[in-house]
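First up is the structure itself, then whatever we jot down about it.
FYI, it's all coordinate maths here, none of it is from the lab. As the structure is a computational prediction, the values presented were derived from the model and not from experiment. Heads up, the Cβs are rebuilt from the backbone with ideal geometry, glycines too, and the neighbour counts pull from every protein chain shown.
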Amino acid sequence: MKLAKGIAQLHESETDLADEYGHVADRHAVEHDVYHMCHLLAAQCRAHAEALRPFAERYGGKLREGEAPELWESLMGTIRRKNAELLGRSKETGLLLLRDLRQLYLMAAESELNWWMVRQGAMAARDKELAELFETCHEETWNQLKWVKTKVKEASAQVLVGG
């Protein structure tokens, strides 16, 4: 069944989004609201990805496992945080924040769209459990999109005009 492929794509987009939230949090550690919210949203995405695992198994799909060793990711996170501390807040870091927020928005939009595709597949397959998972996870992904868009609006005014 091709629903397994859709679930795998959704799992991958949620996993990639979680990783990107973590990277953005570390790169902008001096922006405390961004740092903490990105860590919260990364955990949310990881929970979404994990919640998909039984459905992938149900439909005979294979999910991608984590590629980077935990030690490596921990080391890279430390380097990104120290770099953020050294650079502090400047025009250049503001532009980097805007670029990172744009990337987060695009990735979250991809996940949101993948949720819709899986929901439609679940409805066609009459899988009530998977359709119910959509309700919770899609709403959280939609809220992530709204948060990122709000941060883009806020940062754009500060960075592009305020300098």
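Sequence-distant or interchain residues sharing an amide H contact under 5 Å with E31, placed H: which?
Amide H to amide H, under 5 Å and 5 or more residues apart or across chains, E31 pairs with nothing.
Using each residue's phi in the stretch 40-47, evaluate 6.51 cos²θ - 1.76 cosθ + 1.60 at θ = phi - 60° and report the 3J(HN,Hα) Karplus result to the nearest Hz, with x for Gly and Pro.
4, 5, 4, 5, 4, 5, 4, 5
Trypsin sites (Lys or Arg not before Pro), restricted to the stretch 11-63: which are DSSP loop and have at most 13 other Cβ atoms within 10 Å?
Filter output for the stretch 11-63: K62.
Give the separation of the Cα centroids, the stretch 37-61 to the stretch 115-155, in Å.
12 Å
Let's see if you can work this out: charge +1 on each Lys and Arg Cβ, -1 on each Asp and Glu Cβ, no other charges. What is the dipole magnitude of the stretch 97-163 about its Cα centre, in debye to the nearest 20?
340 debye
Over 23 Å between Cα atoms: which of K2/K62; K62/K149; K62/K146 fall into that group?
K62/K149; K62/K146
Can you find, among H39, T15, A25, the residue sitting farthest towards the positive end of the charge dipole of the stretch 1-52, where Lys and Arg contribute +1 and Asp and Glu -1 at Cβ?
So the residue furthest toward the plus end is T15.
At a Förster radius of 22 Å, what calculated FRET efficiency corresponds to the Cβ-Cβ distance of E154 and L106, to the nearest 0.05?
0.75
At 7 Å along the Cα-to-beta-carbon direction for both V161 and K146, put a label point, then send me their distance in nm to one decimal.
Calculated label separation equals 2.4 nm.
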